[in-house]
1. Work out from phi, with θ = phi - 60° and the Karplus expression 6.51 cos²θ - 1.76 cosθ + 1.60, the ³J(HN,Hα) of each residue of the stretch 161-174, listed in order in whole Hz, and give x for Gly and Pro.
2. When each pair of different Cα atoms in the stretch 25-114 is counted once in the 1/r mean, what is the Kirkwood radius in angstroms, to one decimal?
3. Provide the solvent-accessible area of Tyr163, counting protein heavy atoms only and rolling a 1.4 Å probe, rounded to the nearest 10 Å².
4. Going by amide H atoms built from the backbone, whose H comes under 5 Å of the H on Ala179, apart from near neighbours?
5. For the stretch 35-173, what is the largest minus smallest coordinate of the Cα atoms on each principal axis, given in angstrom and ordered from greatest to least?
6. Could you give the Stokes-Einstein D for the stretch 105-165 in µm² per second, using the C-alpha Kirkwood radius, 20 °C, 1.002 mPa s?
7. When the solvent-accessible surface of protein heavy atoms is calculated with a 1.4 angstrom probe, in what order do Glu174, Glu129 fall, highest first?
8. Whole-Hz Karplus ³J(HN,Hα) for the stretch 75-92, in order, using 6.51 cos²θ - 1.76 cosθ + 1.60 and θ = phi - 60°, x for Gly and Pro?
Amino acid sequence: MRSPVVRVLLKLSLLAALSAPMGVLAQPAQHDVAAAAQAYEAGQRAQLAGNHTEAARLFELAYDAAPSPAALRSAIRNRRLAGDNARAATLALQAITTYPADRATRDLAQEVLDEVQPQLTQLDISCGEPCVVLVNGAVESTHENRNWRFFVRPGTHTLVARYQTGSAEPQQVEAAAGA
């Protein structure tokens with residue numbers, strides 16, 4: 001019998017191979033520092049008001065507009081405070097990969113992963129060409145990539161890979177905690 005991780009990887013390999021025509025989001029053009037600053041300030045206001053879900057969304061928006069370790073750390077902290085451990089862990093993985101020399105970012109990211117990773121399922125997806133991955137209808141990231149690593153809560157999830165030329169057939173995966 002195959003482990004849950006092997007079954008998920010096999011399903012996701014099939015998912016990447018079965019693409020059919022549809023549209024997808026384009027890569028971002030340039031960094032927009034002004035937009036990032038505006039989103040970051042709005043995120044700080046939301047955080048002070050105790051609206052951690054909105055704060056996290058705004059800090060992620062700031063990070064997408066002009067990547068910085070501070071925006072990513074703020075997004076991670078607010079996802080945790082909002083109880084969105086899967087997104088916090090996904091951002092923590094991104095932080096470790098993107099900013100390995102930034103001690104504050106690396107330490108926060110590792111702390112979050114150590115705490116929440118056993119409760120979640122890590123999915124690793126490889127696409128034959130750059131794609132965007134949807135999980136239960138929500139876009140995991142607006143940027144296309146060939147390789148994806150992110151976390152989901154245990155349970156049944158529907159995954160779809162979208163390419164500039166189309167979408168793969170939806171695939172159901174059963175996620176188990178710690179897998």
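1. Values per residue, Gly and Pro as x: 9, 10, 10, 4, 9, x, 10, 7, 5, x, 10, 8, 10, 9 Hz.
2. Numbers: mean 1/r = 0.0778 Å⁻¹.
Mean inverse Cα-Cα distance, inverted, gives 12.9 Å.
3. 0 Å²
4. Gln122
5. Principal-axis extents of the stretch 35-173 (Cα, largest first): 42, 34, 30 Å.
6. Values: Rh = 12.8 Å.
Estimated diffusion coefficient is 167 µm²/s.
7. I get Glu174, Glu129, largest accessible area first.
8. 5, 4, 4, 6, 4, 4, 5, 7, x, 8, 5, 5, 5, 4, 5, 4, 5, 5
The values are calculated or read from the model by the stated rules, or taken from the named source; none is laboratory data. These numbers come from a predicted model, not from an experiment. Note: areas computed on protein heavy atoms with side chains; ligands, DNA, RNA excluded. Shrake-Rupley method; radii C 1.70, N 1.55, O 1.52, S 1.80 Å.
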